[in-house]
Amino acid sequence: MIYTFLSILIFVYTLFAGNGVGERAADFTLRTTDGQEITLSELRGRIVVLVFLEPSSGASMSVARQMETELWQDDFQNRVIYMFGILVGASIEAGKEFKNGLNLTFPILVDPSRAVWNTYRNGANPPLSIIIGKDGVVQYREQGFSAPEISNEVRQLQSSGINFTTWWKIKELFRKGN
């Protein structure tokens with residue numbers, strides 16, 4: 001009886017577990033609409049913005065347009081930031097139609113099996129916005145999408161990027177009188 005209860009508890013936990021703020025982001029590998037494989041762990045050391053979208057949703061199309069004009073074109077394209085729209089349940093062909101139909105230039109990943117979505121979902125519905133810091137930890141998670149909030153969060157993460165080694169070098173320069 002206790003084993004049945006524990007099994008149900010573990011199942012429910014894994015069903016609703018997500019990558020919350022302060023938790024290490026679950027690694028994944030997905031394909032872009034161009035067929036390139038992207039593995040999250042290979043982007044460690046960079047800020048990564050993920051926005052989960054529903055390919056047939058008008059709201060997701062609106063979000064994708066905002067991502068293009070308010071983040072990618074204005075700000076992110078020329079910085080050391082990776083931003084991906086992740087199409088939940090979409091094939092590469094459907095992803096290409098979505099991207100080309102909206103004239104998007106930022107990378108679109110497809111999650112045809114919904115495996116990545118199920119890992120990050122935690123009861124949310126698309127759109128879902130997540131920012132992963134350079135250390136691979138989720139720094140921001142929000143149901144919906146707000147370009148100003150995402151831009152502000154990314155700026156804060158970039159400005160807090162002075163690490164211990166940099167501080168040590170600065171300290172040594174002051175100690176030496178340079």
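The values are calculated or read from the model by the stated rules, or taken from the named source; none is laboratory data. Note that the structure is a prediction, hence the values are computed from the model and not measured. Glycine gets a Cβ as well: all are built from the backbone with ideal geometry, and neighbour counts include every protein chain shown.
Details
- Residues being of a type outside the set (Val, Ile, Thr) and within 12 Å of the chain's Cα centre (by Cα) - total across region 108-120: 3
- Some residue of region 93-103 being surrounded by 22 or more Cβ atoms within 10 Å (Cβ to Cβ) and touching a helix residue (DSSP H, G or I) at 6+ places or on another chain (Cβ under 6 Å): no
Matching residues to (1) modelled with pLDDT under 95; (2) within 26 Å of Glu42 (Cα to Cα); (3) part of a helix (DSSP H, G or I):
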{"site": "Asn125", "(1), (2), (3)": "yes, no, no"}
{"site": "Asn152", "(1), (2), (3)": "yes, yes, yes"}
{"site": "Gln158", "(1), (2), (3)": "yes, yes, yes"}
{"site": "Trp168", "(1), (2), (3)": "yes, no, yes"}
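- One residue stands out among those in region 34-73 that are closer than 16 Å to Ser146 by Cα and polar (S, T, N, Q): the one that is surrounded by the most Cβ atoms within 10 Å (Cβ to Cβ), which is Ser60.
- Pairing each residue of region 67-79 that is under 13 Å from Val49 (Cα atoms) and at pLDDT 70 or above with any residue that is hydroxyl-bearing (Ser, Thr, Tyr) and outside any loop (DSSP other than H, G, I, E, B), provided the two are 6+ apart or on different chains, yields C-beta distances under 8 Å for Leu71/Ser151.
- Selection of region 145-162 for residues being surrounded by fewer than 20 Cβ atoms within 10 Å (Cβ to Cβ) and in contact with a Leu (Cβ under 8 Å, 6 or more places away or on another chain) yields Ala147, Ser151.
- When restricted to residues that are in contact with a helix residue (DSSP H, G or I) (Cβ under 8 Å, 6 or more places away or on another chain) and of a type in the set (Asp, Glu), region 32-73 contains 2.
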